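Enquirer: One structure follows; several queries about it will come next.
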Amino acid sequence: MVMVSFVKKVINFFNKKKTIQWKNIENFDPNWKERIKDMSRYIDSGSVIVDLGCGEMWLKEFITEKESYIPVDYMSRGGDTIVCDFNNYEYPKTNSDTAFVSGCLEYIEDFKWFVEKISQSNTKCILSYCTTEYFPNMESRKQLAWKNNLSKFEVISLFESNQLFLVDENLTKTNNQIFVFKK
């Protein structure tokens, strides 16, 4: 009995030392569709949309045949997915005008590089992000495998420093902040 307790303590110690990765806890909550639907209303008709961190590609449900859709994720989500690991400085070469980033920025280690790439490739970005104002518990953020902890002001400043300026914002029922940036 004592040995089992000791082994559990050792395992817990090493588990706490390990960095939690999204791929190890990946889970797609169908309730996130509501957030994606809210964000999709900011898409301009006829846009070419690059869905960065596309996951289950739920955005496809909310766009029309007038828009072009380019799914990107760290692993294939289907035949047309462009595979890029943003944490390995991989970014897709696309001819998009709108970056759609729903629940992805939190998992990016070099978020400054990521936003710079978005700005170089797009004239608009529709972003959801869990800011520290609404998700202040750092331990909870860490348990969710989030790699950065930005306030609303820091998010806006980051995009503005890359010539993408806030034109609209909203807050979902689950306190995800939606930002719309344009050049």
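Enquirer: Considering only region 73-85, how many residues are buried (at least 17 other Cβ atoms within 10 Å of the Cβ) and β-branched (Val, Ile, Thr)?
Expert: Residues that pass the stated criteria total 2.
Enquirer: Give the residues of region 108-161 that are farther than 22 Å from Ser47 by Cβ and of a type in the set (Asp, Glu), sorted by residue number.
Expert: Glu109, Asp110, Glu133, Glu139, Glu154 - these are the residues of region 108-161 that are farther than 22 Å from Ser47 by Cβ and of a type in the set (Asp, Glu).
Enquirer: So, one more: What about Asn175, is it within 21 Å of Pro30 (Cβ to Cβ) and surrounded by fewer than 17 Cβ atoms within 10 Å (Cβ to Cβ)?
Expert: On the way: within 21 Å of Pro30 (Cβ to Cβ): yes; surrounded by fewer than 17 Cβ atoms within 10 Å (Cβ to Cβ): yes.
So Asn175 fits the description; yes.
Enquirer: Given the criteria touching a residue at least 24 places away in the same chain (Cβ under 8 Å) and under 15 Å from the mean Cα position of the chain (by Cα), does Cys125 qualify?
Expert: Numbers: touching a residue at least 24 places away in the same chain (Cβ under 8 Å): yes; under 15 Å from the mean Cα position of the chain (by Cα): yes.
Yes; evaluated as a whole, the condition is true for this residue.
Enquirer: Please go through region 56-72 and give me each residue that is buried (at least 18 other Cβ atoms within 10 Å of the Cβ) and either at pLDDT below 95 or outside any strand (DSSP E or B) (or both), ordered by number.
Expert: Residues satisfying the conditions are Trp58, Leu59, Glu67.
Enquirer: Okay, moving on. So, Lys66, is that one closer than 23 Å to Phe159 by Cα, out of contact with any Asp or Glu (no Cβ under 7 Å at 6 or more places or on another chain) and of a type in the set (Lys, Arg) or not?
Expert: No, not satisfied.
Enquirer: Based on what the data block shows, is Tyr42 closer than 24 Å to Thr172 by Cα, in a loop (DSSP other than H, G, I, E, B) and not small (Gly, Ala, Ser)?
Expert: Working: closer than 24 Å to Thr172 by Cα: yes; in a loop (DSSP other than H, G, I, E, B): yes; not small (Gly, Ala, Ser): yes.
Considered against the rule, which asks whether it is closer than 24 Å to Thr172 by Cα, in a loop (DSSP other than H, G, I, E, B) and not small (Gly, Ala, Ser), Tyr42 comes out as yes.
Enquirer: Exactly one condition in (1) modelled with pLDDT of 95 or more; (2) of a type outside the set (Asp, Glu); (3) surrounded by 13 or more Cβ atoms within 10 Å (Cβ to Cβ); (4) under 20 Å from Met39 (Cβ atoms) is not met by Thr94; state its number.
Expert: Here Thr94 clears every test but (1).
Enquirer: One residue is enough: does region 73-80 have a residue meeting the conditions in contact (Cβ under 8 Å) with a residue 12 or more places away in the chain and either of a type in the set (Phe, Trp, Tyr) or within 16 Å of Gln177 (Cα to Cα) (or both)?
Expert: Yes, the conditions are met somewhere in region 73-80.
Enquirer: Checking Lys117 against (1) over 17 Å from Phe181 (Cβ atoms); (2) assigned to a helix (DSSP H, G or I), only one condition comes out false. Which one?
Expert: (1)
Enquirer: Restricting attention to region 117-145, which residues are of a type in the set (D, E, K, R) and buried (at least 18 other Cβ atoms within 10 Å of the Cβ)?
Expert: Of everything in region 117-145, those that are of a type in the set (D, E, K, R) and buried (at least 18 other Cβ atoms within 10 Å of the Cβ) turn out to be Lys117, Lys124.
Enquirer: From Asn148, Asn162, which residue is crowded, with 17+ Cβ neighbours inside 10 Å, over 15 Å from the mean Cα position of the chain (by Cα), assigned to a loop (DSSP other than H, G, I, E, B) and in contact (Cβ under 8 Å) with a residue 24 or more places away in the chain?
Expert: Only one candidate passes the filter, namely Asn162.
The values are calculated or read from the model by the stated rules, or taken from the named source; none is laboratory data. Fair warning: this is a prediction, and the values are worked out from it, not measured in the lab. Using ideal geometry, Cβ is built from the backbone for each residue, glycine included, and neighbour counts are taken over all protein chains shown.
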